[in-house]
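The values are calculated or read from the model by the stated rules, or taken from the named source; none is laboratory data. Model, not experiment: these values are computed from the prediction. Neighbour counts run over all protein chains shown; Cβ positions are idealised from the backbone, glycine included. All accessible areas refer to the heavy atoms of the entire protein, side chains included, with ligands and DNA or RNA removed. Shrake-Rupley method; radii C 1.70, N 1.55, O 1.52, S 1.80 Å.
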Amino acid sequence: MTGKAVGAAANIADTAAAFDGRIEGQRLMRDWYKALEEAPARGQHVANVFVMGNAVEILRAFDFQLVFPEINSLQTGVRKTSEEYLRLSEDYGMSPDVCSYVKADVGLILKEHEHPAGRIPRAHIAIASNMCSTFIKWAEIWERLLKTPTFVLDLPGQRAGNWRVRPGDAQHAADARWVEAQFQDLIHRCEAITGKRFDLDRLAEVEDRVNKMVAHWNNVMALNRVCPAPYNAMLDGLTYIGIMNVYRGTPEGVAFMRNLEAQLKTKVARGEGRVAEERYRLLFSGTPCYVSMRRLVELFETWGGVFAYSDYLTFAAGGMDAGDLAYDTSRPLESLAEVTALAAQRGLSNQFFAHERLAQQIRDYAVDGIVFHGIKSCRFVSSGMADTRDYLNKRLKMPSLYIESDLIDPRYWSDAQIKNRVDAFFETLRQSGGAPPAGKSVPPATGRAA
Amino acid sequence: MNSSSGDEATLNEVLEHCNDLRLAPIPDVGSLPERYTGTLGHFPVYFPEEIAHAAGLLPVSVLGGGNRLELKHADARMGSFVCSICRSTAELGLNGSLNGLTGFITHPICDAAKHLAGIWARNFPEQLSEILYLPQNVNSPGAVRYIAAEFQRLRGELEKRSGRGVDDDALRHSIRIYNQNRRLLRELYALRRDEPWKLSCTESYLLTRARTRMPCEDHSVLLERALAAARRRTLPSQDKPRVVLVGGFCEQPPIEMLEAIDSNCHVVDDDLLIGLRWITADVPEKGDPIWQLAESFVERSAASPVQHDERKTKEGYLMEMIGASKADAAVLTAAKFCEPGLDEQVAWAKHLDGTNIQYLVLEFEEKMTSFEQMAMQLETFAESLLFAVAA
Ligand code: SF4
Ligand code: SF4
């Protein structure tokens, strides 16, 4: 290596070391909220989208400012203000038994869009996929209360267990054709709303950035296969997927993911783990409890338990890590439909056959146990969880823990009870031989060029 | 016996048979008419029964366990926050009651229903089990083509399982049989709308539900008999408010609940078992039968809280039901823990608040066994309605 090259490598390492994914992620989220607040003054069109199946690439090609209502709802939890929003919607008549994200959002509407992070602009269009059926009911609420035009994006999901769809096979072609027909329809509607002509080159540009982000993201996920895991999938990981969603297809998103990968690689090279002494590698299945996430993670980390992977990182980041999914930017619209259809089956709707993905992740991340977090108000995640747990216990003899709370409703968090269960889980793990301390061998991360 | 008591006896006999079928297990393959080689279970709401029928598989609607089933296995497999019909359907699978099915098909109506396919894949891998991905976007061009492809896929799966090829003529024959049945069901509802004292909601429900346990052609014979007898009934009209009942599109309200509503109101329209009545007109009997079924799903179809359709807002179709049946009021029900139903209940109530149409909100569970409180609510509601009409 020449002196110059050594210097450049050292610079990259320094930049990587200086990058803090969490702090940078928080900054980007603040910027996003600011951009939301200022969208009406800029005269920018606004679209509501969900994290699973959202046609963001098309909307970006039309310069829509994106609002992620799920992120708004979870942020009320993170900022400890969710209860007020939830109560408002229950007083309005919403059942205690429905998704708390929806209720927080109805609370937001009742509070005239005043969110703790700023004022949320009203959308000119809402895209709701069928990946979680609640998305559709949620969008119907906007249709009713705010007269928001809604486009339901129907993505044919995984139909059965052991469902193998390969790119280009007849099933995939039929599904992709349907998705593309809907994209064409959506494009016409966006043209009517914005008064702009659709630009295929812009779409290709956005897709190229998404490709880069996804490549980095896949590498970031793979880096956590290393022991000790450089980050906690259910703490740091939550910030990362926030950026994957909010900045999908943007230069800022690409830069974040590139820097994140470099930083985590540096950590791995130094043998630095998220916890000082990693004793248990765990898989978290389910959604977070945003009101108490730090506390929950702390309960595990004090035992040396780190969440190396969570299926949340897959489905809540659009399912793009679930296979070699990259857009062919030479045929941007067709490719968008093909990849969207595949991601829907491999990374989103396979939630209904969760045992298949989890069995794979247990191996990939060499975990010692699974933590299932059941959420009463999220049937997408929770309805099949107990059965999946039973299946994995029996088939793979995988130790597991089941805890229950809510995404953002603090009334369902019971600290003492959860702590007892977590402690008992680790006691059992310990008594059954425990996990080897840091240094156990796991498959190396396979880096790919972005 | 005069002819009127003869009609009453016929009707009673038919209704008793229907009620026995409601409580009966799924038909044993050995007891089926020769042309059937098996049974195909399907979950609410809509399923294109014609395709199974043509494949020689008796379509059996799996409607949960009612209020007599004790959950012994499902409690440990599905959270307590999941609706009763999903939990009891899982129980029926796990306790062996559905072992005789060739397959079990569910739909993307809600997330709990989609999870049933996973439960089947994990526990009954020998059965054909899948989600028939009916689209939630029926408004974009291409929807019919997509549905036709999905129906074609189903046709192939059923051919494999039944060992019987399903040609277009067989499908057209099945469509004709179901068209006849649909006409009779429309007549049933017309009778209730026009002369509700002649057929109660409970009776109509039992008659409709019988199709979930018998061949469609036999069900049509049964309906014809019952309709003829009911039309000739000479019961006096009663002083009861005319209501529509909504919220029974998936999980089934207990029969006792329907009886309590009947005691106080004339239910002139409802969405009970709407999946069996989803196609609202004849499916064209000429042309590509798969295409005709797919097109009918989009163009000649009912509405429900679990189907998004830009042409049919949820308040819109409720108001149409109320208008077309000349109802005075609405009973808005929802199954406990049914997210789509509970969301709709709020929307319907808020909408009716802005009209002069009275409504009553009831929450139910298929496993309910106590109805006193509900009966009291209904009585008060009906009285207040009659008072309002009289005033
Ligand atoms: S049900 Fe679950 S996945 Fe669906 S919107 Fe609510 S929190 Fe999200
Ligand atoms: S009752 Fe409601 S929640 Fe349950 S399966 Fe039916 S639609 Fe889904």
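With label points built 7 Å along Cα→Cβ from the Cα atoms of B:Asp218 and A:Gln184, find their separation and express it in nm.
4.7
Can you compute the charge dipole magnitude of chain A about its Cα centre, using +1 on each Lys and Arg Cβ and -1 on each Asp and Glu Cβ, nothing else charged? Give it in debye, rounded to the nearest 20.
Numbers: 54 positive and 55 negative charges, 152 e Å.
So the dipole magnitude of chain A works out to roughly 720 debye.
Along Cα→Cβ, 7 Å out, is where each label goes; now give me the distance between the ones at B:Val29 and B:Ala281 in nm to one decimal.
Computed distance between label sites B:Val29 and B:Ala281 equals 4.0 nm.
Can you work out ³J(HN,Hα) from phi for every residue in segment B:279-286, in order, using Karplus 6.51 cos²θ - 1.76 cosθ + 1.60 and θ = phi - 60°, giving whole Hz and x for Gly and Pro?
3J(HN,Hα) across segment B:279-286, in whole Hz: 7, 9, 9, 5, 7, x, 8, 10.
Per residue of chain A, what 222 nm ellipticity follows from adding -39500 (n - 2.57) for every DSSP H run with n ≥ 4, rounded to the nearest 500? Working shown, then result.
Working: 18 runs with 240 residues, N = 450.
Taken over chain A, the calculation gives -17000 deg cm²/dmol.
Tell me the Kirkwood radius of segment A:103-229: reciprocal of the mean inverse pair distance over distinct alpha-carbon atoms, in Å. Mind dumping the intermediate values first?
Details: mean 1/r = 0.0548 Å⁻¹.
Taking every pair of different Cα atoms in segment A:103-229, averaging 1/r and inverting gives 18.2 Å.
Return the FRET efficiency for the residue pair A:Thr428, A:Arg30: r is the Cβ-Cβ distance, R0 is 45 Å, and the value is rounded to the nearest 0.05.
The computed FRET efficiency comes out at 0.60.
Scanning chain B for trypsin sites (Lys or Arg not before Pro) in DSSP loops with at most 12 other Cβ atoms within 10 Å, what's the longest stretch left with none?
Working: sites that count: B:Arg35, B:Arg68, B:Lys72, B:Lys286, B:Arg311, B:Lys326.
Here the longest segment lacking exposed loop sites spans B:73-285.
How shielded is A:134-141 by partner chains, expressed as the average number of their Cβ atoms within 10 Å of its Cβ atoms?
Numbers: counts 5, 1, 10, 12, 1, 1, 8, 3.
Mean partner shielding for this stretch: 5.
Below 15 angstrom from the Cβ of B:Ala149, what's the summed charge of the other residues (Lys, Arg +1; Asp, Glu -1)? Numbers along the way, then the final one.
On the way: positive: A:Arg159, A:Arg177, B:Arg145, B:Arg153, B:Arg155; negative: A:Asp154, A:Asp169, A:Asp175, A:Glu180, B:Glu130, B:Glu150, B:Glu157, B:Asp288, B:Glu295.
Local charge sum for B:Ala149: -4.
Measure nothing fancy, just the Cα-based angle from helix B:84-94's long axis to the longest principal axis of chain B, in degrees from 0 to 90, nearest 10.
Once rounded, one gets 40 degrees.
As a test, work out the antiparallel percent of DSSP beta bridges whose residues both lie in segment A:18-431, rounded to the nearest 5.
On the way: 2 of 27 bridges.
The antiparallel fraction comes to roughly 5 percent.
Excluding the sites themselves, what is the longest stretch of chain A that contains no GluC sites (Glu not before Pro) in a DSSP loop with at most 13 other C-beta atoms within 10 Å? Kindly include the intermediate steps, with their values, before the conclusion.
Working: sites that count: A:Glu112, A:Glu272, A:Glu277.
After excluding every exposed loop site, the longest remaining stretch is A:278-450.
Let me check something: with ligands and nucleic acids excluded, how do B:Val361, A:Val206 order by accessible area (1.4 Å probe), largest to smallest?
On the way: B:Val361 65, A:Val206 0 Å².
Ranked from most to least accessible, the order is B:Val361, A:Val206.
Take every DSSP beta bridge whose two residues both sit in the protein assembly as shown, then give the antiparallel share in percent to the nearest 5. Can you show the working numbers first?
On the way: 3 of 56 bridges.
Counting only bridges with both partners in the protein assembly as shown, antiparallel ones make up about 5 percent.
Determine how many Å³ per residue the convex hull of the Cα atoms of the protein assembly as shown encloses.
Details: hull volume 142.8 nm³, N = 841.
Here the figure is 170 Å³ per residue.
Could you report the buried accessible area between A and B, both sides summed, computed with a 1.4 Å probe and given in Å² to the nearest 100?
Values: alone 18320 and 16220 Å², together 30010 Å².
Its buried surface, counting both partners, is about 4500 Å².
Compute the orientation-averaged projected area for segment A:18-431 from the convex hull of its Cα atoms and round it to one decimal in nm². Don't jump to the answer; show the numbers that get you there.
Details: hull surface 76.0 nm².
Average of the hull's projected areas for segment A:18-431 equals 19.0 nm².
For chain B, what proportion of DSSP beta bridges, expressed in % and rounded to the nearest 5, is antiparallel?
On the way: 1 of 29 bridges.
So the antiparallel bridges in chain B amount to around 5 percent.
Could you tell me which residue out of A:Tyr327, A:Ala308, A:Phe352 lies farthest along the dipole of chain A toward its positive end? Charges go on the beta carbon: Lys and Arg +1, Asp and Glu -1, centred on the Cα centre.
Selected residue: A:Ala308.
Please list, by residue number, every one of the trypsin sites (Lys or Arg not before Pro) in segment A:195-282 that is coil in DSSP and has at most 15 other beta-carbon atoms within 10 Å. The partial results should precede the final answer.
Values: sites: A:Lys196, A:Arg197, A:Arg202, A:Arg209, A:Lys212, A:Arg225, A:Arg248, A:Arg258, A:Lys265, A:Lys267, A:Arg270, A:Arg274, A:Arg279, A:Arg281; in loops: A:Lys196, A:Arg197, A:Arg225, A:Arg248, A:Arg274, A:Arg279.
In loop regions of segment A:195-282 (DSSP not H, G, I, E or B), the sparsely surrounded trypsin sites (Lys or Arg not before Pro) are A:Lys196, A:Arg197.
Subtracting the Cα-Cα distance from 0.36 nm times the residue separation, let me have the gained length for B:Phe371 to B:Ser237 in nm, one decimal.
Details: separation 134, 0.36 × 134 = 48.24 nm, distance 2.55 nm.
Fully extending the segment from B:Phe371 to B:Ser237 adds 45.7 nm.
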